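See below for the structure under consideration.
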Amino acid sequence: ILTNDQSAEGNERQAAVLVKLGNYYRNNRKNFAEAEKRYQAAVAALSNTRSAQSTLYGEALTKLGSLYARELQKPAEGEKFLKDAIGYLSMVRLSEKSTAQVLGELAALYSQQARFAEAIEASKRKLEVASTLLARTSVKGTGIDKWNAEEYTDAFSVYIRTVLVLAKDHKAAGDAQS
C-alpha cells in the first residue's frame, strides 16, 4: 500500500488496512506467510510515527505475536511480540480492552507450553485489566447519560471468560480446588 501521507494519522490508516489484510489472509485464506507480511508491514508503519493514544500498534504486535505462537509454531518470537505489545499498551490511556486481548494470547501461549505458573500470572493480570475495564464502562464510571450497555456487556464478557480461563489454568497446574 503506497501513500504519501507520512503523518501519524496516515500511518494509522495504512496500518489499519494492513492489519485487516493480515486478518483476511490468516483467517479466510489460511495463508500465514502473507498474513505475517501484512502484520509486519503494519508494525513497521507504526514503529516510528503513530498517534500517542492509539492502541493499533499494540494490536498489530498482538496479531503478529499470536500468529507466530499459534500458526507459525515459533513461540519464542510470538512471546517477544506479545510482551512488546504489553509494554506499549501500558503507556496508552484507555487501552484495557487491547491489553486484555494480548494478556489472553500470552496466557494461551504459556498454557500451550505447559508453563502454567506463567499462564496463571498472565490470566491474573488480565483479570485485573478486565476489572478496570468493567469499572470504566459501568454506569458509575461513565454516568447514566454516557453509559453504553454494549461496551459494558463486552467488558463483562471479557471478565467472565478470564475467570473461566484462570480456573482452567489452575486445574492444569494441578490445583485440586479448581
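The values are calculated or read from the model by the stated rules, or taken from the named source; none is laboratory data. The structure displayed is predicted, hence computed values, not measured ones. Here the Cβ is made from the backbone with ideal geometry for all residues, glycine too, and neighbour counts use every protein chain on show. SASA here: full protein model, heavy atoms, side chains in, ligands and nucleic acids out. Shrake-Rupley method; radii C 1.70, N 1.55, O 1.52, S 1.80 Å.
Couple of notes before you dig in:
- Remark: the stretch 1-87 is approximated by an ellipsoid whose semi-axes, taken from the C-alpha gyration tensor as √(5λ), come to 21, 16, 8 Å, largest first.
- Remark: relative contact order (the stretch 11-89) = 27 percent; criterion is Cα-Cα distance under 8 angstrom and separation of 6 or more residues.
- Charge context of TYR68, other residues only, Cβ under 11 angstrom, K/R +1, D/E -1: -1
- Stokes-Einstein D (µm²/s) once Rh is taken as the Kirkwood radius of the chain over alpha-carbon pairs, at 20 °C in 1.002 mPa s: 125
- Heavy atoms of ASP175 accessible to a 1.4 Å probe, total area in Å² rounded to 10: 60
- Per residue, the convex hull spanned by the alpha carbons of the stretch 87-178 comes to 86 Å³.
- Taking each DSSP H run with n ≥ 4 as -39500 (n - 2.57) and averaging over every residue of the chain yields -24000 deg cm²/dmol at 222 nm.
- Normalised by the number of residues in the chain, the mean separation of alpha-carbon contacts (under 8 Å, six or more apart) gives a relative contact order of 14 percent.
- Net length gained if the chain between LYS168 and ASN28 were fully extended (0.36 nm per residue, minus Cα distance): 47.5 nm
- Given LYS124/LYS168; LYS37/LYS63; LYS20/LYS83; LYS74/LYS168; LYS30/LYS74, the pairs whose alpha carbons are separated by over 20 Å: LYS20/LYS83; LYS74/LYS168
- A Stokes-Einstein calculation at 10 °C with viscosity 1.306 mPa s, built on the Kirkwood radius of the stretch 35-83 over Cα pairs, returns a diffusion coefficient of 148 µm²/s.
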